[in-house]
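Written below as structure tokens is the structure these notes are about.
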Number of protein chains: 4
Amino acid sequence: MKVGFIGIGRMGAAMADRILGAGHDIGVYNRTPGKTDDLVKRGAKQLASASEAARYGDVLITMLENDHALSHVAHGHEGLVATLPKGGVHLAMGTHSVSLIQALTEAHEKAGQTLVSAPVLGRPPVAAAGQLGIITGGPADAVAKCQPLFEAMGRRTFDGGLKPAGAAAAKIANNFVLVCAIEALSEGFALAEKSGVAPSNFLEVLTDGLFASPAYKIYGKLIVEQGYLGEPGFAAVTGLKDVNLALAAGDAVSVPLPSGNVCRDRLLSAVARGDGQRDWSVLALEQKRASGMA
Amino acid sequence: MKVGFIGIGRMGAAMADRILGAGHDIGVYNRTPGKTDDLVKRGAKQLASASEAARYGDVLITMLENDHALSHVAHGHEGLVATLPKGGVHLAMGTHSVSLIQALTEAHEKAGQTLVSAPVLGRPPVAAAGQLGIITGGPADAVAKCQPLFEAMGRRTFDGGLKPAGAAAAKIANNFVLVCAIEALSEGFALAEKSGVAPSNFLEVLTDGLFASPAYKIYGKLIVEQGYLGEPGFAAVTGLKDVNLALAAGDAVSVPLPSGNVCRDRLLSAVARGDGQRDWSVLALEQKRASGMA
Amino acid sequence: MKVGFIGIGRMGAAMADRILGAGHDIGVYNRTPGKTDDLVKRGAKQLASASEAARYGDVLITMLENDHALSHVAHGHEGLVATLPKGGVHLAMGTHSVSLIQALTEAHEKAGQTLVSAPVLGRPPVAAAGQLGIITGGPADAVAKCQPLFEAMGRRTFDGGLKPAGAAAAKIANNFVLVCAIEALSEGFALAEKSGVAPSNFLEVLTDGLFASPAYKIYGKLIVEQGYLGEPGFAAVTGLKDVNLALAAGDAVSVPLPSGNVCRDRLLSAVARGDGQRDWSVLALEQKRASGMA
Amino acid sequence: MKVGFIGIGRMGAAMADRILGAGHDIGVYNRTPGKTDDLVKRGAKQLASASEAARYGDVLITMLENDHALSHVAHGHEGLVATLPKGGVHLAMGTHSVSLIQALTEAHEKAGQTLVSAPVLGRPPVAAAGQLGIITGGPADAVAKCQPLFEAMGRRTFDGGLKPAGAAAAKIANNFVLVCAIEALSEGFALAEKSGVAPSNFLEVLTDGLFASPAYKIYGKLIVEQGYLGEPGFAAVTGLKDVNLALAAGDAVSVPLPSGNVCRDRLLSAVARGDGQRDWSVLALEQKRASGMA
């Protein structure tokens, strides 16, 4: 299969490499040059522009960091909507807002093209191992066309429905449930600790039973060990962006998300106090501050 | 070991039975008569009053439903504080408020007795199998004295520190983290569903990875299948009581719990609309109502 | 008219003095002695106990600081319920919880007595000038019986209905609306100031038009001038008590108060950070902290 | 003075009429034709496009409904930034987002022009009477240049600082304080009413003293009389837009607005339930629903 790929960051590089490894013909483009060198050495074709990528193959993949980057590459004279061949499929795999995915769905449709939204679950090492979870949203035939690519990149797919915006919402809602869990942990730990319970013991209570899952183990440990003071895994500002995506998605369909408000406010305070680049488990530090513990 | 046991409800009966099965000499008392019959047939001694139970053995266990019941049995002329022998240990295993446990700690101390707080994790079937998780709080020697009993009833203990109130707070905080998870799920599912994603698919997204734990699987399923309309596992009013315990515990140590506020308000609305006896996953129905979906 | 009066604090002293000044025969009792001296000099009768006050006249007034004080004086062998003559009226003028007023209503009724709840609006200088607002709740004939006393103490009465608990709720709800206004001001000022608007100018915007009322003028000024760092008019801990009364009143009738949660959490943080004795406009300082401005 | 005016809606028409009445030479443009007829009859010059308005006089006023309308007219080939003469002043009097005003400030600056932001306080009848409150933000000389216009339209100006975005924030913050007051009233009335107090009596309690201001009198009355079921003064969807402006303004400067979250969620629920076109005091209906009263 012939594939264009735009966005060779840490995630994109790992995903493109998996596609290459599965024997597909892949052409790659990245705004900042140099990032594609390794892939080109291993057989990918270097492309000079987004429009070249759009015209390269049967499917065009974008793996971009945020709405701004995708919007920038999609619109305008040499943008994806203008240059993707009629009948072409744009497979957007970044985490984007429901409203952008919705707008792009309509723009592609109008141009006789199809948008498939397929945001992924997993960090770069997971992507490198081809173990991503992939939530698919779009017309059945277009999703089917992308299936060989999903198999190259992922452990499995989840059916996000026939609307690209649905898959976007599912990814956003998944991250939303996660940030709420981190916030609840932050509150629970503050309560336990200030009541005289050793945080590590409270972590055992939680993760031994009901909450024996990666989310609680990973973030519980970060909180207990104050890992948020060290190297960030996922920055608070990015977390804030994700919470804002959830609140905006809620706004779009009139769904209030009161737990999300709590997370948003704590992350805003973290940013206001200069902790925006810390790991988003810094929510626990904010909770401690609000409790007079820090 | 000789043990008095007050409170033979569903949990208490299972726990007392485990103690009996481990070969201890147990005397049982329950305010409503009849509940102790089975235990007595199997060898427990029937006691006529709380004070008889207090005087029966080396340790007195209470397993009562709420603060009111424990407070009632503890105070007054024939109450536990007045009748437990000097040097005696009161092992309180119900879920109680930090303030009551704190007050009782002081009252027992003043009377030359010791309170150990040891709330449990698990429902009646878990108790019947001797698989409870037990969070212990109290002076080390008093906790050690209760160890054979913990072994009879539980899968393991968690160290809740040297203050009984700490163990109470840890149990309350555990339930708090749970209700927050149910609320976050409720919000996430509403967002996903109203955005066009099948709830069962969103449940797969969540529980396949980060949230592969009993809490999310059980409550996710209840939400997807609207199980809150059926037989309740844990009533909303009881959930509200637990959230209020958490907020009161936070008040006692000046720890704000903003996520808890959200849960409290949704549960209050559920009660206001006549759903207080439904399972507390009725939070999802409240979220649907607030989203114009129900 | 013959009146017993319990609770000669700053408010009580001013109110009792007004009654005395209106020509009524008043007997006064205060737990801490000495507080009644001035009144006695001016003609009040010194009473030795709460029960003496209960038996002194046609109406017994209590003006106590909190639930604990009222509960203490009401119950027990020599308490008000036990000693107030059959047919007697207990006029409770402090700010108390709905649940205590409800319980006391029932206790008095059972004893053939009547409770009237009549919480007041206004600080000590207002009380001294006989300009209090008085919210009355209770059976019409009992309220009518107290009318001459209301006239001596107040500028006017507000009809809080036939249930004493209603008047209590109205007072609590009034304070609730106030604390919400202070919180909203705190947030608005932080937004304006951090956006580059001089706080004093924003205060003019607000109070020149829509919010030209004492609440906004007084608290806006306190915020602009950081008056919360000076002498407190109303302590944050007392404000927190009042917010908790509101939330408890909401709990009693299943009314969620989400704006109240916000105030409660900010006040809890203030207390946690050692600002509990500052004026409750310290909410603005908490908001600044959460905004990285302090 | 020679003035171009874009945006002849109900507010714009009244404001342009005041300018005309003060003897200025005004040229008017409105996207939908016909709206300018009355003004033209009274002496205003009919203009054919936004760019004509931009080139018409010393100052160009825009009074547009929202960001979208202002953004549309400002950008592009024939937009205001491209066509306003060098040294010209754009006086933006609508309620706009901080981020749009900020972006427009920079765009005008780059083009050698000046933006003054001057949002107004007051409804159409107030505008017709020349009694608006006007919050000014921008460089001192540019604001001074607009002074004769402010005098024609307003009762007074408020100094919103030297940055146009500040004045925008002040207007947004003013509306924010108002919506929080309506929400707090909604909660307070629900509490009082469900506790047995007649709403009209509670309104008296509030507005007789601390809250004797237009905001509380007007909205208290709307709540007591369920005026939100009748003709809307200010639609819930517009209120939601304003709350979102406040939250976005808070986001821009890292100021969490927890009371705003509460209002946003209630308004979202109102919209979700089909009440988006009702008056925004429909917050009280939402509160009643959440309290099981409606």
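The values are calculated or read from the model by the stated rules, or taken from the named source; none is laboratory data. Owing to the predicted nature of the structure, the values given are computational and were not obtained by experimental measurement. Note that each Cβ is placed from the backbone with ideal geometry, even for glycine, and that neighbours are counted across all protein chains shown. The area values use the complete protein model at the heavy-atom level, side chains included, leaving out ligands, DNA and RNA. Shrake-Rupley method; radii C 1.70, N 1.55, O 1.52, S 1.80 Å.
Quick one: residue A:226 ticks every box in (1) over 14 Å from residue B:170 (Cβ atoms); (2) within 12 Å of chain B (Cβ to nearest Cβ) bar one, so which box is it?
Result: residue A:226 passes all but (2).
State which residue pairs qualify: first residue among the small types (Gly, Ala, Ser) and inside region D:186-211, second residue open to solvent by 10 Å² or more (accessible area, probe 1.4 Å) and part of a loop (DSSP other than H, G, I, E, B) in any location, beta carbons under 6 Å apart, and separation of 6 or more residues or different chains.
What qualifies is D:195/C:253; D:196/C:161; D:196/C:163.
Quick one: would you say residue A:101 is away from chain B (no Cβ under 14 Å) and buried (at least 17 other Cβ atoms within 10 Å of the Cβ)?
Working: away from chain B (no Cβ under 14 Å): no; buried (at least 17 other Cβ atoms within 10 Å of the Cβ): yes.
No.
So how many residues does region B:219-245 have that are under 17 Å from residue B:266 (Cβ atoms) and within 20 Å of the chain's Cα centre (by Cα)?
Within region B:219-245, residues that are under 17 Å from residue B:266 (Cβ atoms) and within 20 Å of the chain's Cα centre (by Cα) number 14.
Evaluate the following for residue D:154: is it under 15 Å from the mean Cα position of the chain (by Cα), buried (at least 22 other Cβ atoms within 10 Å of the Cβ) and not hydroxyl-bearing (Ser, Thr, Tyr)? Even if it seems obvious, please write down each step before you answer.
Working: under 15 Å from the mean Cα position of the chain (by Cα): yes; buried (at least 22 other Cβ atoms within 10 Å of the Cβ): yes; not hydroxyl-bearing (Ser, Thr, Tyr): yes.
Judged against the criteria, residue D:154 is a match.
How many residues, within region B:5-53, are open to solvent by less than 20 Å² (accessible area, probe 1.4 Å), touching an Asp or Glu at 6+ places or on another chain (Cβ under 8 Å) and over 22 Å from residue B:126 (Cα atoms)? Can you show your working first?
Quick first cut of region B:5-53, residues open to solvent by less than 20 Å² (accessible area, probe 1.4 Å) only: B:5-8, B:12, B:14-16, B:19, B:26-28, B:36, B:39, B:44, B:47, B:50-51, B:53.
Retained after the next criterion (residues that are touching an Asp or Glu at 6+ places or on another chain (Cβ under 8 Å)): B:7, B:27, B:39, B:50-51.
If we keep only those that are over 22 Å from residue B:126 (Cα atoms) too, we end up with B:27, B:50-51.
Of the residues in region B:5-53, 3 are open to solvent by less than 20 Å² (accessible area, probe 1.4 Å), touching an Asp or Glu at 6+ places or on another chain (Cβ under 8 Å) and over 22 Å from residue B:126 (Cα atoms).
Of everything in region A:190-215 that's more than 7 Å from every other protein chain (Cβ to nearest Cβ) and among the hydroxyl-bearing types (Ser, Thr, Tyr), which residue is farthest from residue B:205 (Cα to Cα)? Steps first, answer last, please.
If we filter region A:190-215 for residues that are more than 7 Å from every other protein chain (Cβ to nearest Cβ), which is where we start, we get A:193, A:199-200, A:203, A:207.
Adding the requirement that they be among the hydroxyl-bearing types (Ser, Thr, Tyr) leaves A:200, A:207.
Working: A:200: 29, A:207: 20 Å.
Taking the candidates together, the pick is A:200.
Of the conditions (1) in a helix (DSSP H, G or I); (2) facing chain C (nearest Cβ under 7 Å); (3) not aliphatic (A, V, I, L, M), residue D:151 satisfies every one except a single condition; which number is it?
Residue D:151 satisfies every listed condition except (2).
Can you give me the number of residues within region B:54-95 that are without any contact (Cβ under 8 Å) to a residue 60 or more places away in the chain, aliphatic (A, V, I, L, M) and surrounded by fewer than 21 Cβ atoms within 10 Å (Cβ to Cβ)?
Count: 2.
For region B:154-185, what are the residues that are more than 7 Å from chain A (Cβ to nearest Cβ) and either of a type in the set (D, E, K, R) or within 30 Å of residue B:265 (Cβ to Cβ) (or both)? Quick ask: steps written out before the conclusion?
Initially, region B:154-185 is screened for residues more than 7 Å from chain A (Cβ to nearest Cβ), giving B:154-157, B:162, B:164, B:167-168, B:171-172, B:175, B:179, B:182.
Matches in region B:154-185: B:155, B:156, B:167, B:168, B:171, B:172, B:175, B:179, B:182.
Exactly one condition in (1) in contact with a Lys or Arg (Cβ under 9 Å, 6 or more places away or on another chain); (2) farther than 30 Å from residue B:137 by Cβ is not met by residue A:227; state its number.
Among (1) in contact with a Lys or Arg (Cβ under 9 Å, 6 or more places away or on another chain); (2) farther than 30 Å from residue B:137 by Cβ, the lone unmet condition for residue A:227 is (2).
Is it the case that some residue within region B:158-181 is within 17 Å of residue A:261 (Cα to Cα), over 15 Å from the mean Cα position of the chain (by Cα) and in contact (Cβ under 8 Å) with a residue 24 or more places away in the chain?
Yes, because at least one residue in region B:158-181 is within 17 Å of residue A:261 (Cα to Cα), over 15 Å from the mean Cα position of the chain (by Cα) and in contact (Cβ under 8 Å) with a residue 24 or more places away in the chain.
Pick out the one residue from A:262, A:271, A:255, A:282 that is away from chain C (no Cβ under 14 Å) and at pLDDT 95 or above. Don't jump to the end; show me each part of the working.
Details: A:262 fails: away from chain C (no Cβ under 14 Å); A:271 fails: away from chain C (no Cβ under 14 Å); A:282 fails: away from chain C (no Cβ under 14 Å).
Only one candidate passes the filter, namely A:255.
Answer yes or no as to whether residue A:34 is farther than 14 Å from residue A:113 by Cβ, of a type in the set (Gly, Ala, Ser) and under 23 Å from the mean Cα position of the chain (by Cα). Before you say what the answer is, go through the steps one by one.
Values: farther than 14 Å from residue A:113 by Cβ: yes; of a type in the set (Gly, Ala, Ser): yes; under 23 Å from the mean Cα position of the chain (by Cα): no.
For residue A:34, the condition - farther than 14 Å from residue A:113 by Cβ, of a type in the set (Gly, Ala, Ser) and under 23 Å from the mean Cα position of the chain (by Cα) - is not met.
Restricting attention to region B:96-107, which residues are part of a helix (DSSP H, G or I) and either in contact (Cβ under 8 Å) with a residue 60 or more places away in the chain or touching a helix residue (DSSP H, G or I) at 6+ places or on another chain (Cβ under 8 Å) (or both)?
Restricting attention to region B:96-107, the residues satisfying the condition of being part of a helix (DSSP H, G or I) are B:98-107.
Answer for region B:96-107, where residues must be part of a helix (DSSP H, G or I) and either in contact (Cβ under 8 Å) with a residue 60 or more places away in the chain or touching a helix residue (DSSP H, G or I) at 6+ places or on another chain (Cβ under 8 Å) (or both): B:98, B:99, B:100, B:101, B:102, B:104, B:105, B:107.
Given (1) at negative phi; (2) open to solvent by less than 10 Å² (accessible area, probe 1.4 Å); (3) in contact (Cβ under 8 Å) with a residue 60 or more places away in the chain, identify the lone condition not met by residue A:142.
Every listed condition holds for residue A:142 apart from (3).
Give me the pairs: first residue in region A:108-133 and among the charged types (D, E, K, R), second residue open to solvent by less than 10 Å² (accessible area, probe 1.4 Å), beta-carbon distance under 9 Å, and six or more apart or on different chains, which are they?
Cβ pairs passing all conditions: A:109/A:115.
Being part of a strand (DSSP E or B) and open to solvent by 10 Å² or more (accessible area, probe 1.4 Å) is the filter here; which residues of region C:121-135 pass it? Write out each step before concluding.
In the first step, residues of region C:121-135 are kept if they are part of a strand (DSSP E or B); the result is C:121, C:132-135.
Once the filter is applied, which keeps residues that are part of a strand (DSSP E or B) and open to solvent by 10 Å² or more (accessible area, probe 1.4 Å), region C:121-135 yields only C:121.
Every residue in region D:157-192 that is open to solvent by less than 10 Å² (accessible area, probe 1.4 Å) and not in a helix (DSSP H, G or I), please.
D:158, D:160, listed by residue number.
So residue B:150 ticks every box in (1) in contact (Cβ under 8 Å) with a residue 40 or more places away in the chain; (2) in contact with a Lys or Arg (Cβ under 9 Å, 6 or more places away or on another chain); (3) of a type in the set (Phe, Trp, Tyr) but one. Which box is left unticked?
(1)
With the structure loaded, tell me whether residue C:115 is open to solvent by less than 10 Å² (accessible area, probe 1.4 Å) and not in a loop (DSSP other than H, G, I, E, B) or whether it fails that test. Step through it out loud before you land on a result.
Numbers: open to solvent by less than 10 Å² (accessible area, probe 1.4 Å): yes; not in a loop (DSSP other than H, G, I, E, B): yes.
Yes; evaluated as a whole, the condition is true for this residue.
Can you tell me which condition residue D:238 does not meet? The list is (1) without any contact (Cβ under 8 Å) to a residue 40 or more places away in the chain; (2) more than 14 Å from chain B (Cβ to nearest Cβ); (3) of a type in the set (S, T, N, Q), and all the others hold.
So the condition that residue D:238 fails would be (1).
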